[in-house]
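See structure below.
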Amino acid sequence: QLARDLWEIRLMVAPPPAAAAATAATPRHAETRLRQSDRMAKKRAGGDDHSAEDVELHKQIAEASGNLVAPGIVGIIATSIPLFVRVSNRGLLDETITTHRRVVEAIVRHNPRAAAKAMQEHIEHNRDNFRSLPEAN
């Protein structure tokens, strides 16, 4: 039940800051998101755990939103990421890298609708894959 509740709250909380980040992000913010996305991909390519980089990217996106509350809320919820990675035996990593990159690219293009949609799709895809795991039932 905890996992289900975490997915539900992530869907409520993560897409709006992504949209706001696309509107508010400065070139420096956008470059920071790109570097963080690249660090995640590099960890994945090396077969290393990317959970810390994943959490950091979500926090950075929330910070770039300009909302003072979003980083705290997203930060708390993002702590579930290592749990999902561990339980899924890291089976969602390739998709995670791809969808995070879509979120970041939408932010760089200053496209709030695409950023929110990409974040929502990222969370939904991971949630749906997580639900299909025997450990999740």
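The values are calculated or read from the model by the stated rules, or taken from the named source; none is laboratory data. On a predicted model such as this, the values are computed, not experimentally measured, just so you know. Ideal geometry is used to build each Cβ from the backbone, glycine not excepted, and the neighbour counts take in all protein chains shown. Surface areas here come from the heavy atoms of the whole protein model, side chains and all, with no ligands, DNA or RNA. Shrake-Rupley method; radii C 1.70, N 1.55, O 1.52, S 1.80 Å.
Whenever a residue of the stretch 49-68 is more than 15 Å from PRO16 (Cβ to Cβ), its partners that are part of a loop (DSSP other than H, G, I, E, B), lying with C-beta atoms within less than 8 angstrom and at least six residues away or across chains, give the pairs ASP49/ARG90; VAL55/THR79. Pairing each residue of the stretch 97-116 that is closer than 12 Å to SER37 by Cβ with any residue that is outside any helix (DSSP H, G or I) and open to solvent by less than 60 Å² (accessible area, probe 1.4 Å), provided the two are 6+ apart or on different chains, yields C-beta distances under 8 Å for ILE97/HIS50; ILE107/ALA25; VAL108/ALA25. Which condition breaks for ILE76 when tested against (1) touching a Ser or Thr at 6+ places or on another chain (Cβ under 9 Å); (2) not in a loop (DSSP other than H, G, I, E, B); (3) not basic (Lys, Arg)? Going through (1) touching a Ser or Thr at 6+ places or on another chain (Cβ under 9 Å); (2) not in a loop (DSSP other than H, G, I, E, B); (3) not basic (Lys, Arg) one by one, ILE76 breaks only (1). None of VAL104, VAL69 is exposed (fewer than 14 other Cβ atoms within 10 Å of the Cβ), within 23 Å of ARG28 (Cβ to Cβ) and modelled with pLDDT of 80 or more except VAL69. Being within 21 Å of GLN120 (Cβ to Cβ) and touching a Gly at 6+ places or on another chain (Cβ under 8 Å) is a property that ALA24 has. Would you check if there is a residue in the stretch 13-35 being without any contact (Cβ under 8 Å) to a residue 40 or more places away in the chain, under 14 Å from the mean Cα position of the chain (by Cα) and closer than 22 Å to LYS117 by Cβ? No, the conditions are met nowhere in the stretch 13-35.
In the stretch 12-53, of all residues being within 17 Å of ILE77 (Cα to Cα), hydrophobic (A, V, I, L, M, F, W, C) and open to solvent by 40 Å² or more (accessible area, probe 1.4 Å), the one that is modelled with the highest pLDDT corresponds to MET12.
If you go through the stretch 28-55 and keep only what is closer than 16 Å to GLY66 by Cβ and out of contact with any helix residue (DSSP H, G or I) (no Cβ under 9 Å at 6 or more places or on another chain), you end up with just ARG28.
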